[in-house]
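The values are calculated or read from the model by the stated rules, or taken from the named source; none is laboratory data. This one's a predicted model, so the numbers in the text were calculated from it and none came from an experiment. All Cβ positions, glycine included, derive from the backbone under ideal geometry; neighbour counts span all protein chains shown.
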Amino acid sequence: MEDQGFERNTMSEQASTFSGEGTANLETSTAQIAAALRRKPRLSEGIIQSFLWIAGVISILTTIGIVYVLGTESINFFTKLSWEETNRQITTPISASDTTLIASEGGRAIKAGQLIRLGQAEEYMSVLAVDGQTLTIARGAEDTIAKDHKAGVDIFFADKVTLREFVSSTKWNPQIGQYGIWPLLNSTLMTSIVAMLVALPLGLSVAIYLSEYATERARSILKPILEVLAGIPTVVYGYFALTFMTPLLRAIFSKDVVEVYNTASAGIVIGILILPLVSSMSEDALHAVPNSLRQAAYGMGATKLETAIKVVLPAAISGIAAAFIVSISRAIGETMVVAIAAGAGPNFTFNPFKPAETMTGHIVRISGGDLSYDSIDYNSIFAIGLVLFLITFSLNIISNRIVRRFREVYE
């Protein structure tokens, strides 16, 4: 019995040894297989990954740089003093200690509380009181140094653009210190609305036809033709609006109603310009809808039109909404068409047949002139650009929210 017990213990110890060796061998084999299956580093893939990372960093830094430049120059626009002529001069010389001066008659009124400057001198004076032609002044305002001034020197007064004036005034005339953004913003919105009235229904109709009705042969012919429109330079569209669309509108509504430069013709041509963008993106969204939805609708007895409008279109609403908002951003940012065909003067009007200058058109016009660096006119370009950036940025946020909301429904 003792021998049998000894043999059983020996066999148990041998089984445990074999079991431990088997587990160790299994673990070793697993580690060898994992090492063999592990992806080996490849130089080409590393280079591509590094390039993609650098491209992403550059794009982020570029966006940050654009926002920084727009922000800093816009701050300068709202904080920089703008000096305007009063068309008046001092009639007698004054010394550095004098606290009164006599201004010539006529010209623009000078009021108490204004900051004035004589000629190109670097001294600023604060007007304390006005008694006819006699001005009581505080010398050396804004930490400037009081100086002597000769008779006959022109008087300038300082004007600073306020955010309230910028967002509420309906007059934009930098020559006389009027900086209300609404004339430029209103004409921009007018041209964009006209463009959307042209591009959205036509583009969506084309997309539905290409996705649901057209044969493969028709799609292969029509899509490249539409994409050719996107490749035409926008300056050509501008002259097309001026030489074809405007005469056509004047022939329809009469020359007395439609002026040579107007926002209607510019908006219609912008709609034609962005038509390929609307149709292409919308068609891609419709084409991505699973075919099983169409077959189920046909099985329920729906016609092809009912299937397209009531089944496919709602299922692709996220992509279509994104296409619409991207197209609106494209219309708002269009430059050459409005610069050529819409007009060259800020005009706050709701009549699409009247000339009116858009924000992008104004930037093109004044940036091509002789603007001195860091002047109020120069900084106004960046303030307008910041408004455009905020509009398109807001549209992109809305687009992302719409896509996320409806994508959760149909995925």
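Structure values in brief
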quantity	calculated
Criterion: in contact with an Asp or Glu (Cβ under 9 Å, 6 or more places away or on another chain) and either over 21 Å from ILE66 (Cβ atoms) or not aromatic (Phe, Trp, Tyr) (or both) - qualifying residue of ALA342, ALA331, ALA321, ALA296	ALA342
Residue check, ARG330 closer than 30 Å to VAL167 by Cα and either in contact with a strand residue (DSSP E or B) (Cβ under 7 Å, 6 or more places away or on another chain) or assigned by TED's automatic domain parsing to the domain that holds MET196 (or both)	yes
Filter pass, GLU73 being acidic (Asp, Glu), out of contact with any strand residue (DSSP E or B) (no Cβ under 6 Å at 6 or more places or on another chain) and either closer than 30 Å to MET125 by Cα or loosely packed, with under 13 Cβ neighbours inside 10 Å (or both)	yes
Residue match in the stretch 222-243 (condition: buried (at least 16 other Cβ atoms within 10 Å of the Cβ), part of a loop (DSSP other than H, G, I, E, B) and at pLDDT 85 or above)	no
Residue tally, condition among the acidic types (Asp, Glu) and out of contact with any Leu (no Cβ under 8 Å at 6 or more places or on another chain), over the stretch 130-175	4
Which listed residue is assigned by TED's automatic domain parsing to the domain that holds LEU388 and buried (at least 21 other Cβ atoms within 10 Å of the Cβ), from ILE325, ILE274, ILE366	ILE274
Selection status of ALA129, surrounded by 16 or more Cβ atoms within 10 Å (Cβ to Cβ) and more than 24 Å from GLU165 (Cα to Cα)	no
Residue list for the stretch 91-124, filter: among the acidic types (Asp, Glu) and exposed (fewer than 13 other Cβ atoms within 10 Å of the Cβ)	GLU105, GLU122
Residue in the stretch 128-148 that is under 42 Å from the mean Cα position of the chain (by Cα) and part of a strand (DSSP E or B) present	yes
Failed item in (1) at pLDDT 65 or above; (2) in a helix (DSSP H, G or I), with ALA36 passing the rest	(1)
The listed residue being assigned by TED's automatic domain parsing to the domain that holds VAL311, at pLDDT 90 or above, more than 30 Å from TRP172 (Cβ to Cβ) and not hydrophobic (A, V, I, L, M, F, W, C), out of PRO201, PRO290	PRO201
Qualifying residue in the stretch 212-227 (condition: more than 28 Å from the chain's Cα centre (by Cα), hydroxyl-bearing (Ser, Thr, Tyr) and assigned by TED's automatic domain parsing to the domain that holds SER97)	no
Subset of the stretch 149-196 (residues that are part of a loop (DSSP other than H, G, I, E, B) and of a type in the set (D, E, K, R))	LYS150, LYS171
Residue within the stretch 195-215 that is in contact (Cβ under 8 Å) with a residue 40 or more places away in the chain and closer than 18 Å to THR360 by Cα present	yes
Among residues of the stretch 76-109, those that are polar (S, T, N, Q), part of a loop (DSSP other than H, G, I, E, B) and farther than 20 Å from GLY140 by Cα, counted	2
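Residue by residue, here is whether (1) of a type outside the set (D, E, K, R); (2) at pLDDT below 90 holds:
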site	(1), (2)
GLN120	yes, yes
MET125	yes, no
ALA129	yes, no
ILE137	yes, no
GLY140	yes, yes
LYS160	no, yes
LEU163	yes, yes
